[in-house]
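**Q** So that we are looking at the same thing, I have put the structure below in structure tokens.
The values are calculated or read from the model by the stated rules, or taken from the named source; none is laboratory data. Everything numeric here is computed off the predicted structure, so don't read it as measured data. Every residue, glycine as well, gets a Cβ built from its backbone with ideal geometry; the counts of neighbours run over all protein chains shown.
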Amino acid sequence: MILLRHKLIFAGFLLAVVVTGGSLGYYLLAFLNHRHPYWQLADCLYMTLITLTTVGFGEIIDVANVPGARFFTIIILLSGLGISAYFVSTLTAFLVEGELKNVFWRKRMKELIGKLSGHIILCGADNVGGNVLAELFEKKIGFVVIDHDEKLILRLQEKYGNFPAIVGDPSQDSCLREAGVAAASGVITTLGDDRDNLCVVVTCKAMNPKLRMISRCNNIEFVAKLELLGAEVVVPSYIGGLRMASQMIRPRVVRYLDNMMRERDCAVRIEEVRVPADSTLVGMSLSGLNLPEIGNLLLLAVIAAENAQTLYNPASQYTIKVGDTLVFQAEVEAARRFQDRYDLGRA
């Protein structure tokens, strides 16, 4: 498509050169022979166009009284017809191929979305949304992107691969339905306008009340409204301020966390594992996990299911319960081995 666009630009340039050269050529031929503006420039342009298109309206200017004008007309016909045909054929191919490509692209996206279940719907892929997309892609979590900017989506697909996406308004029922909101597990909305995020949350909750909603918020006044609807709210400006203060006060700790969370080559990550009812972990004490046998795993905390209390550096005799969340600092491969051993799936 890009190559075809370049061809169209080149063909348009050639056609513009012929039209401009033809108009000025007629004008100069008449001026040189009669020493005054014998023909109007608009008439010269009109004569050039009807010559190129061969519409057969007849000569609007009297080429017989200007020596060389008829020969110049022959030159325009011979050179311009080929260029005009090339421009028209390239334009037709560009329009047809572009429309067909758009149809096939939408069909392919629909097929990819139809295969998803328990996925994440990302509303807005610019700035904050782009960072969310990168993390979801890195973690190999199923997701669908909804954004009104088609060029942005195509650029991101070129960078990350052919992930499912929809071009449209994330707050519209039709777009959310097409994104599989009924089968989704959660929605992340990162739109720049808080009102749009609020609208997305309201619409999604109406279509699927079980959805987990995470919303960006710029104005503190909107936080309470979003939370009232059951959304988890993230305020980038507030988090950014805390980050800047932390980097000044405890720079080494911040650098340590940055290396762990953001460096793609870093083998260590902060991972969480939620304990399902059918897991062999239920009823087991933390001392029975034998983490050193599995690999480089450091248990940082347990988030208790019964009261959501976070137990930092939990005691070894703590008994694991259904719904507990174990928080590890772990090498990626060690975390996978732990999940495989206890049939917990992949994070």
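**Q** What pairs can you find where one residue is in segment 328-347 and polar (S, T, N, Q), the other is surrounded by 19 or more Cβ atoms within 10 Å (Cβ to Cβ) and at pLDDT 85 or above, and their Cβ atoms are less than 7 Å apart, with a gap of 6+ or different chains?
**A** Pairs that qualify, where the first residue is polar (S, T, N, Q) and the partner is surrounded by 19 or more Cβ atoms within 10 Å (Cβ to Cβ) and at pLDDT 85 or above, are 339/273.
**Q** Another one. Of all residues in segment 172-212, how many are crowded, with 23+ Cβ neighbours inside 10 Å, aliphatic (A, V, I, L, M) and out of contact with any Leu (no Cβ under 6 Å at 6 or more places or on another chain)?
**A** Qualifying residue count, segment 172-212: 5.
**Q** Given segment 83-168, what strands (runs of 3 or more DSSP E) lie entirely inside it while holding 3 or more residues that are touching a Gly at 6+ places or on another chain (Cβ under 8 Å)?
**A** Values: elements: 120-123, 143-147, 165-167.
Passing ranges, in order: 120-123, 143-147.
**Q** Could you please give the count of residues in segment 156-171 that are farther than 14 Å from residue 105 by Cβ and either buried (at least 16 other Cβ atoms within 10 Å of the Cβ) or of a type in the set (Lys, Arg) (or both)?
**A** Number of matching residues: 4.
**Q** May I ask you to list the residues in segment 108-134 that are β-branched (Val, Ile, Thr) and within 16 Å of residue 161 (Cα to Cα)?
**A** 113, 132
**Q** Additional query: Output the number of residues of segment 171-193 satisfying the condition of being assigned to a loop (DSSP other than H, G, I, E, B) and within 13 Å of residue 143 (Cβ to Cβ).
**A** 7
**Q** Further question on the same structure: Tell me, which strands (runs of 3 or more DSSP E) lie completely within segment 234-347 with 2 or more residues that are at pLDDT 90 or above?
**A** By residue number, 297-303, 310-312, 325-331.
Residues are listed down the side, and each one gets a yes or a no for (1) surrounded by fewer than 16 Cβ atoms within 10 Å (Cβ to Cβ); (2) among the hydrophobic types (A, V, I, L, M, F, W, C); (3) modelled with pLDDT of 75 or more:
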{"residue": "3", "(1), (2), (3)": "yes, yes, no"}
{"residue": "16", "(1), (2), (3)": "yes, yes, yes"}
{"residue": "79", "(1), (2), (3)": "no, no, yes"}
{"residue": "89", "(1), (2), (3)": "yes, no, yes"}
{"residue": "108", "(1), (2), (3)": "yes, no, yes"}
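**Q** Next question. Looking at segment 290-333, which of its residues are under 27 Å from residue 266 (Cβ atoms) and of a type in the set (Gly, Ala, Ser)?
**A** Of everything in segment 290-333, those that are under 27 Å from residue 266 (Cβ atoms) and of a type in the set (Gly, Ala, Ser) turn out to be 295, 301, 330.
**Q** Here are some conditions: (1) under 18 Å from the mean Cα position of the chain (by Cα); (2) β-branched (Val, Ile, Thr); (3) crowded, with 18+ Cβ neighbours inside 10 Å. Residue 141 meets all but one. Which one does it not meet?
**A** It fails just one condition, (3).
**Q** Let me ask you something else. Pick from segment 196-213 the residues that are in contact with a helix residue (DSSP H, G or I) (Cβ under 8 Å, 6 or more places away or on another chain) and not aliphatic (A, V, I, L, M): which of them is farthest from residue 113 (Cα to Cα)?
**A** Selected residue: 197.
**Q** Follow-up question, since we're still on this one. Is it the case that residue 295 is in contact with a strand residue (DSSP E or B) (Cβ under 7 Å, 6 or more places away or on another chain) and assigned by TED's automatic domain parsing to the domain that holds residue 329?
**A** The answer is yes for residue 295.
**Q** Can you give me the number of residues within segment 283-303 that are among the β-branched types (Val, Ile, Thr) and over 41 Å from the mean Cα position of the chain (by Cα)?
**A** Residues in segment 283-303 being among the β-branched types (Val, Ile, Thr) and over 41 Å from the mean Cα position of the chain (by Cα): 0 in total.
**Q** Further question: Does segment 159-170 contain any residue that is out of contact with any helix residue (DSSP H, G or I) (no Cβ under 6 Å at 6 or more places or on another chain) and more than 30 Å from residue 237 (Cα to Cα)?
**A** Looking for residues that are out of contact with any helix residue (DSSP H, G or I) (no Cβ under 6 Å at 6 or more places or on another chain) and more than 30 Å from residue 237 (Cα to Cα), one finds at least one in segment 159-170, hence yes.
**Q** Of the numbered conditions (1) out of contact with any strand residue (DSSP E or B) (no Cβ under 8 Å at 6 or more places or on another chain); (2) of a type in the set (Ser, Thr, Tyr); (3) touching a residue at least 60 places away in the same chain (Cβ under 8 Å), residue 203 satisfies every one except a single condition; which is it?
**A** (3)
**Q** Quick one: residue 227 ticks every box in (1) more than 26 Å from the chain's Cα centre (by Cα); (2) touching a residue at least 12 places away in the same chain (Cβ under 8 Å); (3) not in a loop (DSSP other than H, G, I, E, B) bar one, so which box is it?
**A** (2)
**Q** Quick one: residue 248 ticks every box in (1) touching a Lys or Arg at 6+ places or on another chain (Cβ under 6 Å); (2) exposed (fewer than 11 other Cβ atoms within 10 Å of the Cβ) except a single one, so which number is it?
**A** Condition (1) is where residue 248 drops out.
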